[in-house]
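Note sheet for the following structure.
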Amino acid sequence: MSVLRRRGASLASLVIAALVAVPGLALAQGGMGPGGPGGGPPPSQGRPKQPPSDQPQTHAASGAEDAPQMQTQEPSLPQDPLAVPPAVAKRLGSSSDPEATPPLSPSERRFYGLWYSEKSPKYEFRTLFPLWAEWKKPQEKDRASLFGLFYYNRRSPKADADVLFPLFWRLRDGQTRTTVIGPYVHQEREATAKQPASHMNILPPLFFEGKTGTKSYLHIPPLLTFTQHTDHDGLDIVGPMFCKWKGGPACDTRTADDIDLGVAPLYFYGRNETTEYEIIPPLLHYYRYNEIGESWLNVWGPYIRRHDNESDSRHVVPFYWHTWGKNKEHLTVFPFFHYGYEGNASRLVTPLFWWERGEKGEKTFATWGYAHYQGRTELEMITPLYWHYRDPDIGLDRKLFFPFFYKGESPRGKELAVFPFYGRFQRYGLSDETWITPLFRYRTDTTGWAANLFPIFHMGRTHQSSHLVLAPFVWDFASPTSRATVVLPGFFRFADQDGVSQLALNTFYREKKVPGGSEWEFHFFPFFSYGQSPVGHWWNVLYGLAGYTREGTMSKMRLAYIPITLSK
């Protein structure tokens with residue numbers, strides 16, 4: 001390829017020299033020379049000749065004689081005015097200027113069979129094809145050689161290369177050096193003002209190692225080994241073992257500020273500035289310490305030990321529970337008893353009874369079939385069926401004999417229920433509700449009254465509205481502005497502020513408000529109907545067998561269902 005590149009450069013030199021010589025020739029032949037389209041010589045620089053005496057004289061302003069003489073003959077054209085000069089054709093489609101391109105340096109070439117050489121002041125090329133080729137730039141001390149198409153060698157101030165394809169590669173690019181031997185890759189870079197020193201060793205997929213400044217890594221996938229380190233943190237994973245830390249160059253609990261390590265799933269340990277933990281799953285062990293509050297928890301199987309600033313505890317799950325602290329202590333031996341106190345409050349629980357005294361002297365006692373609480377309020381239970389609750393502060397007294405009897409009294413009202421026959425619930429001055437069996441209910445309150453015999457009869461009044469339902473035949477709802485009444489199967493009536501509609505068996509009556517008054521109509525199905533409005537009236541027999549209509553001055557009659565206009 002070096003030979004081809006040099007031969008291309010020689011051809012380019014010839015082309016550029018030709019391009020430099022072409023513009024003068026084009027101007028000599030072309031149709032757009034300095035003298036105009038005809039390519040004549042340029043005008044002389046002396047004073048213009050005087051016009052002949054037979055031409056009229058012109059009187060122009062001062063300086064007019066310096067103007068060029070008006071052309072009196074048609075210009076001459078080239079033989080082929082559409083022909084493109086070769087110099088112009090070569091420049092079409094290109095932004096380069098051939099005149100500005102300097103000619104290439106002359107080269108010395110020698111060709112003897114398989115030997116070819118080329119030499120110029122800037123480069124040298126020699127080859128004995130296909131055994132050897134060499135390219136050099138002596139001024140830049142840059143040399144590249146190829147031996148037998150397998151070994152490549154280059155030396156220059158910025159880059160070096162030794163390649164024995166495809167087994168061995170040794171490359172240098174500035175401060176970076178790379179060596180490749182089969183699948184093994186080694187690379188290193190010297191430190192600069194902007195970048196730290198680094199190196200890398202790779203043998204995929206078995207081994208990966210590298211370091212850049214203070215950062216380094218090591219990966220050995222077959223051994224499940226993955227590490228990543230800096231001078232202040234890191235991660236190590238070797239099979240089931242792991243360690244992750246911050247605050248030191250290595251996995252060391254003495255130097256790290258934050259560390260987590262372990263052997264999964266057998267052992268786990270972690271620590272930071274305020275907390276510490278340890279877990280050993282096979283031994284059911286868990287330990288946690290928190291410097292804030294100086295609290296800790298230690299678990300070994302069923303044994304649990306806990307400490308904080310307020311209390312300590314020791315448990316053997318599930319039988320023994322013991323907690324103590326300042327002015328408090330609780331002890332449980334399951335299932336035999338529990339005893340505890342805290343301040344003035346205390347509690348004793350056994351399988352036979354529950355006894356407790358509160359902070360303010362309230363007392364609770366409960367056993368099988370009986371319970372009693374006495375404090376600001378009182379509660380007494382005899383068997384799960386009878387309950388008696390009292391609140392002396394508000395005068396409340398309630399008794400329940402489940403599920404048949406309930407009675408409650410207070411200054412606000414009273415309740416009495418004998419299930420399922422009778423119940424009365426009173427709120428003095430507000431409401432009174434009485435039930436006789438779950439079917440009949442009567443209620444009065446400040447808004448009205450209501451009586452119900454479920455599910456067929458409902459009657460009552462609320463403010464100015466009333467209702468009456470005798471299901472499923474009678475439905476009547478009334479308010480100050482409307483009323484709706486339905487008596488099945490032959491009567492309904494709907495009335496509001498705009499009108500009335502009523503159906504009774506085979507009669508229908510409707511009345512509504514219209515401008516100027518009201519209009520109404522009456523039908524006695526199917527025999528006769530009559531209606532009247534502020535502007536007229538009408539009547540029909542058998543829906544129009546005979547009929548008459550009058551609206552203002554218009555009148556017409558119907559005879560055998562045929563309308564006949566009498567006046568307009």
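Below are the figures for this structure:
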item	result
Single condition Pro222 does not satisfy, out of (1) open to solvent by 60 Å² or more (accessible area, probe 1.4 Å); (2) closer than 30 Å to Gly174 by Cβ	(2)
Near pairs, Cβ below 8 angstrom, 6+ apart or cross-chain, from segment 373-384 (closer than 18 Å to Gly408 by Cα and open to solvent by 60 Å² or more (accessible area, probe 1.4 Å)) to any residue that is outside any strand (DSSP E or B) and of a type in the set (S, T, N, Q)	none
Of all residues in segment 526-538 being open to solvent by 70 Å² or more (accessible area, probe 1.4 Å) and part of a loop (DSSP other than H, G, I, E, B), the one that is modelled with the lowest pLDDT	Val535
Scope segment 340-354; condition of a type in the set (A, V, I, L, M, F, W, C) and under 57 Å from the mean Cα position of the chain (by Cα); matching residues	Ala345, Leu348, Val349, Trp354
Residues within segment 252-266 that are more than 39 Å from the chain's Cα centre (by Cα) and either surrounded by 15 or more Cβ atoms within 10 Å (Cβ to Cβ) or at pLDDT 95 or above (or both), tallied	1
Count of residues meeting criterion [more than 23 Å from Lys246 (Cβ to Cβ) and in a loop (DSSP other than H, G, I, E, B)] in segment 179-199	9
Every pair of residues 6+ apart whose Cβ atoms lie under 6 Å, when the first sits in segment 539-553 and is surrounded by fewer than 14 Cβ atoms within 10 Å (Cβ to Cβ) while the second is not in a strand (DSSP E or B)	Glu551/Val535; Gly552/Val535
Conditions (1) under 41 Å from the mean Cα position of the chain (by Cα); (2) modelled with pLDDT of 95 or more; (3) of a type outside the set (S, T, N, Q): number failed by His229	(2)
Condition met for Gln497 (part of a loop (DSSP other than H, G, I, E, B) and either under 30 Å from Gly552 (Cβ atoms) or touching a residue at least 60 places away in the same chain (Cβ under 8 Å) (or both))	yes
Any chance Arg483 is open to solvent by 80 Å² or more (accessible area, probe 1.4 Å), within 58 Å of the chain's Cα centre (by Cα) and within 23 Å of Arg412 (Cα to Cα)	no
Given (1) of a type in the set (Ser, Thr, Tyr); (2) without any contact (Cβ under 8 Å) to a residue 12 or more places away in the chain; (3) open to solvent by 60 Å² or more (accessible area, probe 1.4 Å), number of the condition Tyr509 does not satisfy	(2)
Residue identified as under 30 Å from Tyr406 (Cα atoms) and open to solvent by less than 40 Å² (accessible area, probe 1.4 Å) among Gly448, Gly499, Gly490	Gly448
Subset of segment 293-305 (residues that are closer than 15 Å to Thr275 by Cβ and either surrounded by 14 or more Cβ atoms within 10 Å (Cβ to Cβ) or at pLDDT 95 or above (or both))	Ser295, Trp296, Leu297, Asn298
Verdict on Thr565 being modelled with pLDDT under 90, outside any loop (DSSP other than H, G, I, E, B) and β-branched (Val, Ile, Thr)	yes
Segment 119-144 - residue that is of a type in the set (Phe, Trp, Tyr) and in contact with a helix residue (DSSP H, G or I) (Cβ under 8 Å, 6 or more places away or on another chain) and, of those, surrounded by the fewest Cβ atoms within 10 Å (Cβ to Cβ)	Phe129
Qualifying residue in segment 462-479 (condition: in a strand (DSSP E or B) and surrounded by fewer than 14 Cβ atoms within 10 Å (Cβ to Cβ))	yes
Residue list for segment 370-409, filter: on the phi > 0 side of the Ramachandran plot and touching a strand residue (DSSP E or B) at 6+ places or on another chain (Cβ under 7 Å)	Gly395
Top-ranked residue of segment 449-461 - restricted to ones that are part of a loop (DSSP other than H, G, I, E, B) and in contact with a strand residue (DSSP E or B) (Cβ under 9 Å, 6 or more places away or on another chain), ranked as farthest from Phe491 (Cα to Cα)	Phe454
Count of residues meeting criterion [small (Gly, Ala, Ser) and modelled with pLDDT of 90 or more] in segment 539-554	2
All positions within segment 329-339 that are of a type outside the set (A, V, I, L, M), within 53 Å of the chain's Cα centre (by Cα) and open to solvent by less than 50 Å² (accessible area, probe 1.4 Å)	Thr332
All strands (runs of 3 or more DSSP E) inside segment 343-386 with 3 or more residues being out of contact with any helix residue (DSSP H, G or I) (no Cβ under 8 Å at 6 or more places or on another chain) and more than 24 Å from Lys328 (Cα to Cα)	370-374, 378-382
Sole residue being over 30 Å from Leu203 (Cβ atoms) and surrounded by fewer than 12 Cβ atoms within 10 Å (Cβ to Cβ), chosen from Asn290, Asn309	Asn309
Residue match in segment 352-372 (condition: closer than 30 Å to Arg305 by Cβ, open to solvent by 40 Å² or more (accessible area, probe 1.4 Å), out of contact with any Ser or Thr (no Cβ under 9 Å at 6 or more places or on another chain) and of a type outside the set (Phe, Trp, Tyr))	yes
Test set (1) in contact (Cβ under 8 Å) with a residue 12 or more places away in the chain; (2) over 17 Å from Glu209 (Cα atoms); (3) not charged (D, E, K, R) - Thr255 fails condition number	(1)
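Yes/no per residue for (1) β-branched (Val, Ile, Thr); (2) in contact with a Gly (Cβ under 8 Å, 6 or more places away or on another chain); (3) within 30 Å of Leu470 (Cα to Cα):
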| residue | (1), (2), (3) |
| --- | --- |
| Thr485 | yes, no, yes |
| Pro489 | no, no, yes |
| Tyr509 | no, no, yes |
| Gly517 | no, no, no |
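The values are calculated or read from the model by the stated rules, or taken from the named source; none is laboratory data. Just so it is clear, the structure is predicted and the values come from calculations on it, not from any experiment. Please note: Cβ atoms are built from the backbone with ideal geometry, for glycine as well, and neighbour counts cover all protein chains shown. Areas reflect the complete protein model, heavy atoms only, side chains present, ligands, DNA and RNA absent. Shrake-Rupley method; radii C 1.70, N 1.55, O 1.52, S 1.80 Å.
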